[in-house]
């Protein structure tokens, strides 16, 4: 599995954020996810397996316990991609968050598209009746 596929899931991204703070056991991850994403231990293990397949998580066994830790090296691919895209689009990295004027324009476009679809649907229903 690619790094991009692995980090596409919000639960896996949250797990990576936890592991950035240090190694964790499955039970620790499940407990920390609980308030935001109630999840079973087997589900946590499946997410960790996906992250491990992408090279983002390493496992250390200590007696009967398995400790999972973050390996950031595969994230270099993501960083490189973002830097490349940002570089191709000029000042994209320095623009900051989307401004209200951009959201207003988007809202106007969505409204216009909905109106056009309603009109087209009404015309179609009128022609088929």
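The values are calculated or read from the model by the stated rules, or taken from the named source; none is laboratory data. Keep in mind it's a predicted model, so treat the numbers as computed, not measured. Glycine also receives a Cβ, built like all others from the backbone with ideal geometry; neighbour counts cover every protein chain displayed.
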Selected residue (only one of 3, 26 is within 24 Å of residue 82 (Cα to Cα) and either in contact (Cβ under 8 Å) with a residue 60 or more places away in the chain or touching a helix residue (DSSP H, G or I) at 6+ places or on another chain (Cβ under 6 Å) (or both)): 3
Residue satisfying all of: in segment 30-53; surrounded by 14 or more Cβ atoms within 10 Å (Cβ to Cβ) and part of a loop (DSSP other than H, G, I, E, B); modelled with the highest pLDDT among these: 39
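Restricting to segment 54-78, name every residue that is touching a strand residue (DSSP E or B) at 6+ places or on another chain (Cβ under 9 Å) and in a strand (DSSP E or B). Steps first, answer last, please.
Going residue by residue through segment 54-78, those that are touching a strand residue (DSSP E or B) at 6+ places or on another chain (Cβ under 9 Å) are 56-61, 66-71.
Once the filter is applied, which keeps residues that are touching a strand residue (DSSP E or B) at 6+ places or on another chain (Cβ under 9 Å) and in a strand (DSSP E or B), segment 54-78 yields 57, 58, 59, 60, 61, 66, 67, 68, 69, 70.
Of all the residues that make up segment 54-68, how many are surrounded by fewer than 14 Cβ atoms within 10 Å (Cβ to Cβ) and either more than 15 Å from residue 30 (Cβ to Cβ) or not assigned by TED's automatic domain parsing to the domain that holds residue 27 (or both)? Show your work before the answer.
If we filter segment 54-68 for residues that are surrounded by fewer than 14 Cβ atoms within 10 Å (Cβ to Cβ), which is where we start, we get 59-65.
Going one step further and asking which of them are either more than 15 Å from residue 30 (Cβ to Cβ) or not assigned by TED's automatic domain parsing to the domain that holds residue 27 (or both), we end up with 59-64.
Residues that pass the stated criteria total 6.
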Considering residues of segment 79-102 that are part of a helix (DSSP H, G or I) and at pLDDT below 70 only, the residue nearest to residue 56 (Cα to Cα): 93
